[in-house]
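So the structure is just underneath, and the comments pick up after that.
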Amino acid sequence: MSDWVEACDAEDIDEEDVMRFDHGGRTFAIYRSPDDEYFATDGLCTHEKVHLADGLVMDDIIECPKHNGRFNYKTGAARGAPVCVNLRTYPVKLDAGKILIQIG
Amino acid sequence: MTKGMVIIGAGECGGRAALALRDLFYDGPVTLVGDEPHLPYERPPLSKDAMASDAPVIKAIASDEVLAGRSIRHIHSVQAVAIDRAAHLVHLSDGSVLPYDKLLLATGSTPRRLPLPGLGARCVYLRTFNDALAIRAHLSAGNRIAIVGGGFIGLELAAAARRLGVTVTVIEAQPRILMRGVPAEIAKIIHEAHEAESVKILCGDGIAAIADDGTEVRIALAGGQEIVADLAVIGIGAVPVTGLAAEAGLTIDNGIAVDAALRTSDPDIFAAGDCCSFPLAVYGGRRVRLEAWRNAQEQGALAARNMLGAGEAHAAVPWFWSDQYGLTLQISGLSDEGSKVVRRDLDDGAFILFHLAQDGTLVAASGIGPGNAVARDIRLAEMLIARRAKPAPEALGSQTIKLKSLLAA
């Protein structure tokens, strides 16, 4: 199993918003839901490798900034054209105000 | 007996409609007819990334396996030549005949032809993947291309050609580039980006004559200048493909005329995407025709629902984008609906123009900036436009007030 990696401060992300996090040559997206929970997925859209962190979070959906592909960021499930491949998700935990994600 | 669904046109719109029919659990025959030899594919990359790559590849909407797995019959390299509305039959150019219960015309658009004599083998248009391949073959460093028309296709192609070291001249008869649908303030940013990349843009000068000897093109401008190029790409807009519909007696009005549910004047025939004109609900039913990827996709899916009887009205706000160099432009709504503009500056030189109608309704938003800097706010603007919101102009213009907070209002 791989280690937990510190991504950012919990307060760095607004409610119902997303932030980009790069680590070890990879890029991730970290989300804060409207009910104040945190989630993490791969950072690039599965359609054309666009950074999802530039996209809009509405409820539990992240929308790609380029072509409006939609994913449920809690489960990674693709929600219709043009995306058909799910996003990979990662476990997240809060520790002393820090967001940690488990990069598999 | 079920005759099934037939879709004429295997582009973004037709391809999405076929998939959507299966997503909706329709289990009758679905036949997708296309005149190109390829799988349904995405056209936007043709003037962008695909053009700048060494060997352009097709970005298919669905593979052969997916089409087969979903029992979608794809007939390629064939044209529909006639519709027998009384008998519910479509005649194809290979002599075969397809029966239908419901028919979708997703015939798209075709490049507007330059009405001048003298065009030869070195004067080309860009619409299909094969067009893109033919153009790409001429884009080697040191070559010269002339682009006739300062619209999106031409400017995106100019940007791709510069990445390949090609000398580029853009000729636009209008006083500036992107006259149609793009505010001058944003067109200026794009113009400057091209000039910084050594693209020569000539505006406000018409073409007097073209001479194409098969190896070189000479374009004489009305003002006296002559442009010599190895290839001329003509990008002066597109016209809807309506011949089949017109011959079948369907109503044509700047495209195949459809109602809000995308039905033509024949209730068993639908039309969607570039080929149709439809009442745009968000502007009180003003009839428009859109040539945009997302519209093709959304209308393809909506047509599928309505072919199955949903009776759902089109409600989407128009949206499109363009990529040139590191810049992305996004526009939601049609800016010509507005009479007042409010500017909102974002980080990194990005900005958004909000277009408001006389009564304060937000009707469009046009943004430009590096990467996807404007994407989120343009998307939020789209939601505000869909709600016919009348946001306070001061709030739109203030970077410290989040657009998302205006949605809650």
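Considering the stretch A:75-104, and only residues there that are of a type in the set (S, T, N, Q) and under 12 Å from the mean Cα position of the chain (by Cα), the residue that is farthest from the other protein chains (Cβ to nearest Cβ) turns out to be A:89.
All told, residue B:109 falls short of being hydroxyl-bearing (Ser, Thr, Tyr), surrounded by fewer than 17 Cβ atoms within 10 Å (Cβ to Cβ) and away from chain A (no Cβ under 14 Å). Note on the stretch B:11-70: residues that are of a type outside the set (A, V, I, L, M), within 20 Å of the chain's Cα centre (by Cα), assigned to a helix (DSSP H, G or I) and under 27 Å from residue B:94 (Cα atoms) total 5. Counting only helices (runs of 4 or more DSSP H) that fall entirely inside the stretch B:309-409 and contain at least 1 residues that are more than 14 Å from chain A (Cβ to nearest Cβ) and hydrophobic (A, V, I, L, M, F, W, C), the qualifying elements are B:375-386, B:393-397.
Residues considered: B:261, B:304. Of these, the only one that is within 14 Å of chain A (Cβ to nearest Cβ), over 19 Å from the mean Cα position of the chain (by Cα) and not basic (Lys, Arg) is B:304. For the stretch A:1-54, the tally of residues that are among the basic types (Lys, Arg) and away from every other protein chain (no Cβ under 13 Å) stands at 2. For the condition among the polar types (S, T, N, Q), more than 11 Å from every other protein chain (Cβ to nearest Cβ), touching a Lys or Arg at 6+ places or on another chain (Cβ under 7 Å) and within 28 Å of residue B:17 (Cβ to Cβ), residue A:72 qualifies. Can you tell me which residue in the stretch A:30-47 is surrounded by the fewest Cβ atoms within 10 Å (Cβ to Cβ), limited to those that are hydroxyl-bearing (Ser, Thr, Tyr) and either in contact with a Leu (Cβ under 7 Å, 6 or more places away or on another chain) or in a loop (DSSP other than H, G, I, E, B) (or both)? Only one residue fits best here, namely A:33.
Hey, can you tell me all the residues within the stretch B:88-139 that are of a type in the set (Ser, Thr, Tyr) and either closer than 17 Å to residue B:247 by Cα or touching a residue at least 40 places away in the same chain (Cβ under 8 Å) (or both)? B:93, B:100, B:107, B:109, B:110, B:125, B:128 - these are the residues of the stretch B:88-139 that are of a type in the set (Ser, Thr, Tyr) and either closer than 17 Å to residue B:247 by Cα or touching a residue at least 40 places away in the same chain (Cβ under 8 Å) (or both). Residue-level analysis places residue B:90 among those that are surrounded by 15 or more Cβ atoms within 10 Å (Cβ to Cβ) and either touching a Lys or Arg at 6+ places or on another chain (Cβ under 6 Å) or within 26 Å of residue B:3 (Cβ to Cβ) (or both).
The listed residues are B:28, B:14, B:34, and the only one of them that is away from chain A (no Cβ under 12 Å), more than 21 Å from residue A:47 (Cβ to Cβ) and buried (at least 18 other Cβ atoms within 10 Å of the Cβ) turns out to be B:34.
Taking the stretch B:271-296 as the range and being surrounded by fewer than 21 Cβ atoms within 10 Å (Cβ to Cβ) and touching a Ser or Thr at 6+ places or on another chain (Cβ under 6 Å) as the test, the residues that pass are B:287, B:291. Among the residues of the stretch B:319-350 satisfying the criterion of being of a type in the set (A, V, I, L, M) and without any contact (Cβ under 8 Å) to a residue 60 or more places away in the chain, which is surrounded by the fewest Cβ atoms within 10 Å (Cβ to Cβ)? The residue in question is B:346. When the stretch A:5-19 is filtered for residues that are buried (at least 16 other Cβ atoms within 10 Å of the Cβ) and not aliphatic (A, V, I, L, M), the ones remaining, listed by number, are A:8, A:16, A:17.
Do we find a residue being among the hydroxyl-bearing types (Ser, Thr, Tyr) and either farther than 22 Å from residue B:158 by Cβ or not assigned by TED's automatic domain parsing to the domain that holds residue B:149 (or both) anywhere in the stretch B:69-92? Scanning the stretch B:69-92 turns up at least one residue that is among the hydroxyl-bearing types (Ser, Thr, Tyr) and either farther than 22 Å from residue B:158 by Cβ or not assigned by TED's automatic domain parsing to the domain that holds residue B:149 (or both). Applying the set (1) of a type outside the set (S, T, N, Q); (2) out of contact with any Pro (no Cβ under 8 Å at 6 or more places or on another chain); (3) farther than 27 Å from residue B:131 by Cβ; (4) surrounded by 16 or more Cβ atoms within 10 Å (Cβ to Cβ) to residue B:268 leaves exactly one unmet item: (4). When residue A:62 is tested against (1) within 12 Å of chain B (Cβ to nearest Cβ); (2) part of a loop (DSSP other than H, G, I, E, B); (3) at pLDDT 95 or above, just one condition goes unmet, and that condition is (2). Please verify whether residue B:303 is small (Gly, Ala, Ser), closer than 30 Å to residue B:361 by Cα and touching a Leu at 6+ places or on another chain (Cβ under 6 Å), treating the condition exactly as stated. Yes: the conditions hold for residue B:303.
The values are calculated or read from the model by the stated rules, or taken from the named source; none is laboratory data. Small disclaimer: the values here were computed from a predicted structure and weren't measured. As a convention, Cβ positions derive from the backbone with ideal geometry for all residues, glycine included, and neighbour counts pool all protein chains shown.
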